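Here the structure comes first, spelled out in C-alpha cells, and everything after it is commentary.
The values are calculated or read from the model by the stated rules, or taken from the named source; none is laboratory data. On a predicted model such as this, the values are computed, not experimentally measured, just so you know. Positions of Cβ are backbone-derived with ideal geometry, glycine not excepted, and every protein chain shown enters the neighbour counts.
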Number of protein chains: 2
Amino acid sequence: MESARFKKEKIVLDTSIFVNPEVRVDFGKTPTEAIEGFVDLAVRIPHLEFYMPPSIFKELFNFVDEKKISGDLLAVLRQKPPKKHELHCPAFLLYELIEDVRERINKGLRIAEKAVRNINKGDEKEIIQNLRRNYREALRDGIIDSKEDVDLILLAKELDALLVTIDHGIIKWAEKLGIRWLLPNKFKDYLLSYLKRDKSQFSKARTPS
Amino acid sequence: MESARFKKEKIVLDTSIFVNPEVRVDFGKTPTEAIEGFVDLAVRIPHLEFYMPPSIFKELFNFVDEKKISGDLLAVLRQKPPKKHELHCPAFLLYELIEDVRERINKGLRIAEKAVRNINKGDEKEIIQNLRRNYREALRDGIIDSKEDVDLILLAKELDALLVTIDHGIIKWAEKLGIRWLLPNKFKDYLLSYLKRDKSQFSKARTPS
C-alpha cells in the first residue's frame, strides 16, 4: 500500500506556464524568472516527474536566453519525445479531425471571397490584415495544427500523465483520448498542494514511533 | 493446400468505376450500364468478394436511378461500414496529416491574398471563380478530406482488401497503411483474369480423373 501511495505522478508541460504573460506571473515576471520559479518549487517535490517534448523545449528557447538557464531545468524537466511509431490513435478520431478540417477549409474560402468582395469598401492593406486574422482564427483556433501539438498529446497519452496546457485545440483532443488536463493558472496551487503533502509525510517519517 | 488456393479475395470499390467517364467505359456507357456490366461479370467470379462502404453507396445513387438498379447489385456488392470504434491508426500518421493540412492552410491564405490584390486587374466574378478553383485545388487535391474517404481506407484495412480507386489522396494513405490498391482502368482486366482462372479450374474439376 505504501509503495502505491508513493507512485510518482507524471506531468507534461507546454510552454504556456513560462511564456504566456497571464499565466507565468505565478512563477515569475519574465520567462527566465518563471523557469527559475518553477525549478525552485519542482526540486522540492520528489513525488512529481515533469516532462516536455523536445520540440516544445525548443520553442521555449525562443523566449528565454539559453545561457541564463541553469542545468537544474534539464534535470527537473525531462525532455522526452513520444514513441510515435509505437502509439496508435482510435480510427474514429480520424473522422472527427477530417470533418473538422473540411468545415474549416470551407469557412476559409468564404472568408477569402468576402475579402475580395469588400475590396472597394476599404483600404487594401487593412482588408488583407483582416483577412489574415479571420482566416487564421477560422482555420487554426481550437484545432491541433502542428507537430508540437501532437507531441504534447501523444507524450501525455504514453506516460498516462497530467497535461498542463492552455491550448483549446489540445484540450479538445485530451478529452477525446481520456488524457487528464489542467489549466496553467491552477498549476502553482497544484504544486503547492503536493509540496505540503510531501512535507507532512516527511515529518511523519521522522517522528519516532 | 486446395482450400488456401480458394481463399476469397476481398475488394473494396469506390464510385469511380461506375461514375468517372474515363473509367466506366470498360463496363458501360452510363453509370447505370456500368453497374450492370460490373454485376454481369462479378456474379461469374465466386472467388472474389466485393465491398463498398454505405456512405460511398449513397454517393453512387446521386449518379444512377435507384429504380433501374437490379437487386443483383445489392447481392454482389456488399455494403459494409468499417469498424471505426475498433480500428486504430499509427500515431505517426497524425503528424503527417496535420503537417500536410498546416501547409495547405498557409497556401490557401496566400491564394486568398493574391485574389484580393488582383481585384483591380480583372472582373470580380472571374477572380472569385479562380480563387475557388485554386483554393480547392490547394486545400483538397491529394488529401483525404471527407468521412467517405476515411470509410474506404478503413474498410480496406479492416478486410485486408484490394482498394480500387482513382483518388490520389486515398492512394497516398493506402501506401502509408500498407493497403493494396489498383487503379480502376486496370480493374476489368483484373476481373477477366479471375474469370479465366475460375473457368479453367471449373472445367478441370469436371474432367473425370
*Which residues, counting only those in segment A:25-60, are closer than 14 Å to A:Leu191 by Cβ and basic (Lys, Arg)?*
A:Arg44
_So B:Ile105 ticks every box in (1) in a helix (DSSP H, G or I); (2) among the β-branched types (Val, Ile, Thr); (3) out of contact with any Leu (no Cβ under 6 Å at 6 or more places or on another chain) but one. Which box is left unticked?_
(3)
*Which residue pairs have Cβ atoms closer than 8 Å, lie 6 or more positions apart in sequence or on different chains, and pair a first residue in segment A:97-110 that is more than 8 Å from chain B (Cβ to nearest Cβ) with a second residue that is in a helix (DSSP H, G or I) and basic (Lys, Arg)?*
none
*Exactly one of (1) modelled with pLDDT under 90; (2) under 28 Å from B:Gln79 (Cβ atoms); (3) crowded, with 17+ Cβ neighbours inside 10 Å is unmet by B:Asp198. Its number?*
(3)
*Looking only at segment A:141-153, which residues are part of a helix (DSSP H, G or I) and either of a type in the set (S, T, N, Q) or more than 7 Å from chain B (Cβ to nearest Cβ) (or both)?*
A:Glu148, A:Asp149, A:Asp151, A:Leu152, A:Ile153
*Being farther than 20 Å from B:Pro184 by Cβ and of a type in the set (Lys, Arg) narrows it down to one of B:Lys10, B:Lys114, so name that one.*
B:Lys114
*asked:* Can you pull out every residue in segment B:115-141 that is surrounded by 15 or more Cβ atoms within 10 Å (Cβ to Cβ) and under 30 Å from B:Ile179 (Cβ atoms)?
replied: B:Tyr135, B:Arg136, B:Ala138, B:Leu139, B:Arg140
*Identify the single condition in (1) facing chain A (nearest Cβ under 8 Å); (2) assigned to a loop (DSSP other than H, G, I, E, B) that B:Pro81 does not satisfy, given that it satisfies every other one.*
(1)
*Determine if segment A:44-53 includes at least one residue that is in contact with a His (Cβ under 9 Å, 6 or more places away or on another chain) and within 14 Å of another protein chain (Cβ to nearest Cβ).*
no
*Among the residues of segment B:117-131, count how many are assigned to a helix (DSSP H, G or I) and either at the interface with chain A (Cβ under 9 Å from one of its Cβ atoms) or of a type in the set (S, T, N, Q) (or both).*
9
*Condition met for B:Lys176 (within 21 Å of the chain's Cα centre (by Cα), closer than 25 Å to A:Leu154 by Cα and surrounded by fewer than 18 Cβ atoms within 10 Å (Cβ to Cβ))*: yes
*Report, ordered by the first and then the second residue, all pairs with beta carbons closer than 6 Å, sequence separation of six or more or different chains, a first member in segment B:22-40 that is at pLDDT below 90, and a second member that is buried (at least 16 other Cβ atoms within 10 Å of the Cβ) and β-branched (Val, Ile, Thr).*
B:Val23/B:Ile17
*Can we say B:Ala112 is among the small types (Gly, Ala, Ser), in contact with a helix residue (DSSP H, G or I) (Cβ under 6 Å, 6 or more places away or on another chain) and surrounded by 19 or more Cβ atoms within 10 Å (Cβ to Cβ)?*
yes
*Since B:Ile171 meets every condition but one in (1) within 12 Å of the chain's Cα centre (by Cα); (2) touching a residue at least 12 places away in the same chain (Cβ under 8 Å), which condition does it not meet?*
(2)
*Would you mind finding the one in A:Pro90, A:Pro81 that is in contact with a Cys (Cβ under 9 Å, 6 or more places away or on another chain) and either more than 30 Å from B:Ala91 (Cβ to Cβ) or surrounded by fewer than 20 Cβ atoms within 10 Å (Cβ to Cβ) (or both)?*
A:Pro90
_Quick check on my filter: what residues within segment A:10-48 are within 15 Å of A:Leu195 (Cα to Cα) and assigned to a helix (DSSP H, G or I)?_
A:Gly37, A:Phe38, A:Val39, A:Asp40, A:Leu41, A:Ala42
